[in-house]
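Notes to accompany the following structure.
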Amino acid sequence: MEMTSSIMRFALATYFMKRGGSSRPVQSDYESLSPSPSYEPSFASSDEEESQDVDSEFSDVVSTHVSNLRQLLAGQRLQEWAIGIAELREHVAVNNLVRSLVAVLVKMIKAQEEDMDCLVQVIEGLSFEENGEPSKVFNQLVEALSHYCKDKDARVAIWMEQTVDAVLHRLWQYHEHRFGTTN
C-alpha cells in the first residue's frame, strides 16, 4: 500500500509540474507554464526574502517531487530516479525555473538538514545527462547556486560544499571520458 501511495504522489507531482502547478490547461511548444517572479537574491538571503521570491505552489510541487525522489533513491529504484530527475530538469529548463528551484532546495535544507544527501544528488543529477554530459541547465544551476555561496546558514554552506564537490567530481569524470586523462 505504501508503494502505491508513493507512486501516486510521484505521478501527481509530475502531473502538476507538467501543468505548471496550477489548474490552467497545459500549453504546448514549451511556453512558460508558470512564470517565475524575478529573482535577485541577496548574498545573505533570509527566509522572508526566499518565501516572497518562490511561488508557494511551485515550492510544494518541488518538495513533493524531491520527497518522491528520496524514496526512489532509498529503495534503490535508480531507473525511476533517473526518470524523475530528467522530468524535473526538463520542467525547470522549459519554464526557466532553475533559480526558483535552487531557492526551494535551499529552503528545504534550512528546514530539514537530513535531506542534505538527497538534495546534493538532486543537483548532481540535474547537472548531468544520463550519458555524463553536462545538462542544458548546468550553467544556470551553477549561477543559481553561486547566489548562496555567502549564505550564513551552516547547513546551506555544508550543502553547497558537498554539492560543488559532487558536481566537480562528475565534471572531471566527463572530462576524462571525453578527452582522456592528462598527465
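Values quoted throughout were computed directly from the atomic coordinates according to the rules given, and no laboratory measurement underlies them. What you see is a predicted model, and the numbers here were worked out from it, not measured in a lab. Cβ atoms come from the backbone with ideal geometry, glycine included; neighbour counts cover every protein chain shown.
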**Report entry** Rg/Rg_ref, region 86-183, where Rg_ref = 2.2 N^0.38 Å and atoms are Cα
**Finding:** 1.09
Report task. Quick one: which residues, 5+ away or cross-chain, put their amide H under 5 Å from the amide H of Phe128? H built at 1.01 Å from N. Result -> Ser135
Report task. Please work out the Cα center distance from region 67-128 to region 133-183, rounded to the nearest Å. Result -> 14 Å
**Report entry** Intensity falloff of region 110-163 expressed as log10 I(q)/I(0), Debye formula with alpha-carbon point scatterers, at q = 0.26, 0.28, 0.31 Å⁻¹
**Finding:** -1.06, -1.14, -1.24
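Determine, for each peptide in 92-103, 115-126, 152-163, the mean count of other beta carbons within 10 angstrom over its residues, then list the peptides with the highest first. Intermediate results must be reported in sequence, preceding the final value.
Numbers: 92-103: 22.4, 115-126: 20.2, 152-163: 16.8.
My ranking of the peptides, most packed first, is 92-103, 115-126, 152-163.
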Query raised in the report: Measuring from label point to label point, each 7 Å out along Cα→Cβ, what is the Ser146 to Glu133 span in nm?
Result: 2.4 nm
Query raised in the report: How much net charge surrounds Ala166 when only the other residues with a Cβ under 11 Å from the Cβ of Ala166 are counted, with Lys and Arg +1 and Asp and Glu -1?
Result: -3
